[in-house]
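Input: a single structure, listed below in structure tokens.
The values are calculated or read from the model by the stated rules, or taken from the named source; none is laboratory data. This is a predicted model, so every value here is computed, not measured. Reconstructed Cβ throughout: ideal geometry from the backbone, glycine too, with neighbour counts over all protein chains shown. These accessible areas exclude ligands, DNA and RNA; they are computed on the full protein's heavy atoms, side chains included. Shrake-Rupley method; radii C 1.70, N 1.55, O 1.52, S 1.80 Å.
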Amino acid sequence: MRIIKTALPLLVVFLTGTMVMGASSDRYLHIRVSNPGQNEQVRVNVPLAFAEKVIPAITSGELRNGKVHVGHLSANSVNLKVILDALKTAPEGEFVTVQENDSDVRVAKEHGQLIVHVVDKGSKDKENVDVTIPWDVALALSSDTDGDQINVEAAIKALENAGDVTLVSVTSQAETVRIWIDSSSTAEHTSMLKK
Amino acid sequence: MFLLAKVGIGIMGTVVAGGAMLCSEGFMHVKVHEKQADGTNFSIVLPAALVPMTLKFVPNRKLADASAKLRPYMPVVDAAIPALEDCPDGVLVEVTDPGEHVLIAKRGGSIVVDVNDGNDVVHVAVPLRAAHSAIREIAAANDTEAF
């Protein structure tokens, strides 16, 4: 009896630990596009582990081996990695603010993230665009590249370790687009109605 | 008498083994419901292993065109389908508009597509492993057909 009393709490701890370790730690990239005016909605839920395995296999256009060729950055003396490394150690604050008649642009570093905020005042729908990139992801984009590439595969791996974050948010009068990362397998969905 | 019993057991064993092999890759389910009054309704459940098996009997010249189109994408298919098999079940894509609702999900080792539009309701469920085998079978269709 004494052995059972001793072993039972240990068994509970062991089982709980096993359940916690076995719990899903899958991360998902969610994309939601809503157009309320036309009653249209698109939802995409992609497991990041899936994207990580598929992206390197895609050879299409500028995307090869998990990297995207983005032009002549090195020819124009732009070293993205050095710039991002410098920004990472820079103190938080606004780096760039541009205000024009048709748009406002703000680039800042806040809470260890690169924030880009764009207000497009010139368009009919007056779009607001917010892009938030965790620094580790931004650095991963420039890792293991030859200067004219961005490393999408590495960025996806870095996203798996990032917390829940909204990466892109676009709002306009016509539609809203949101792209975010979390551990939920679905970002709510309507059930199929069989008529 | 004992000989007959042995033969019977042998036959039964073969049938059971064959059935198990057929069912080893799960089942394909295709269901179509046409909404109009005299519309067609059917539901088919087939062992998924039949598909790659059946493709072996299709003349390669019939598959040559599909094979040529598939082959460039085989690295992606070979990466995507096993990765999808490892993923937890869930909705992958859902599109809703006034005339149509499309749902693509992974459930129990199968890729499931549900389409509900003004005219029809269609449900297709294909086990991923069988889909992979079938796609590989098509892609491998004789590329020396021209010779």
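Miscellaneous remarks
- The set of residues from the range A:143-186 being part of a loop (DSSP other than H, G, I, E, B) and closer than 30 Å to A:S123 by Cα comprises A:S172, A:Q173, A:A174, A:E175.
- Residue within the range B:133-140 that is open to solvent by less than 70 Å² (accessible area, probe 1.4 Å), of a type in the set (D, E, K, R), without any contact (Cβ under 8 Å) to a residue 40 or more places away in the chain and not in a loop (DSSP other than H, G, I, E, B) present: no
- Restricting attention to the range A:50-60, the residues being at the interface with another protein chain (Cβ under 7 Å from one of its Cβ atoms), open to solvent by less than 40 Å² (accessible area, probe 1.4 Å) and under 19 Å from the mean Cα position of the chain (by Cα) number 1.
- Criterion: surrounded by 10 or more Cβ atoms within 10 Å (Cβ to Cβ), at pLDDT 65 or above, on the phi < 0 side of the Ramachandran plot and of a type in the set (A, V, I, L, M) - qualifying residue of A:V78, A:V12, A:V82: A:V82
- So B:A83, is it surrounded by 19 or more Cβ atoms within 10 Å (Cβ to Cβ) and under 29 Å from A:V33 (Cβ atoms): no
- Selection over the range A:92-103 of residues that are loosely packed, with under 15 Cβ neighbours inside 10 Å and outside any loop (DSSP other than H, G, I, E, B) gives a count of 7.
- Inside the range B:30-49, residues that are crowded, with 16+ Cβ neighbours inside 10 Å and either without any contact (Cβ under 8 Å) to a residue 12 or more places away in the chain or under 19 Å from the mean Cα position of the chain (by Cα) (or both) make up a count of 5.
- First in the range B:57-77 and of a type outside the set (G, A, S), second anywhere and at pLDDT below 85, Cβ under 6 Å, 6 or more apart: B:N60/B:A141; B:N60/B:N142; B:N60/B:E145; B:R61/B:E145; B:L63/B:A141
- Index of the failed condition, B:K31 passing every other in (1) touching a strand residue (DSSP E or B) at 6+ places or on another chain (Cβ under 7 Å); (2) part of a helix (DSSP H, G or I): (2)
- Filter result (at pLDDT below 90 and polar (S, T, N, Q)) within the range A:20-37: A:S24, A:S25
- Those residues of the range B:17-29 which are of a type outside the set (A, V, I, L, M) and surrounded by fewer than 12 Cβ atoms within 10 Å (Cβ to Cβ), in sequence order: B:G18, B:G19
- Residues of the range A:109-137 that are hydrophobic (A, V, I, L, M, F, W, C), within 16 Å of the chain's Cα centre (by Cα) and surrounded by fewer than 19 Cβ atoms within 10 Å (Cβ to Cβ): A:I115, A:V116, A:V129, A:V131, A:W135.
- Subset of the range B:77-103 (residues that are under 24 Å from A:T59 (Cα atoms) and not small (G, A, S)): B:V77, B:D78, B:I81, B:P82, B:L84, B:E85, B:D86, B:C87, B:L92, B:V93
- The set of residues in the range B:1-16 being open to solvent by 60 Å² or more (accessible area, probe 1.4 Å) and of a type outside the set (F, W, Y) consists of B:M1, B:L3, B:L4, B:K6, B:V7, B:I9, B:I11, B:M12, B:T14, B:V15, B:V16.
- The range B:89-98, residues that are open to solvent by less than 50 Å² (accessible area, probe 1.4 Å) and more than 17 Å from A:S34 (Cβ to Cβ): B:G90, B:L92
- A single entry from B:G108, B:G118 fulfils the requirement of being open to solvent by 30 Å² or more (accessible area, probe 1.4 Å) and under 30 Å from A:N39 (Cβ atoms): B:G118.
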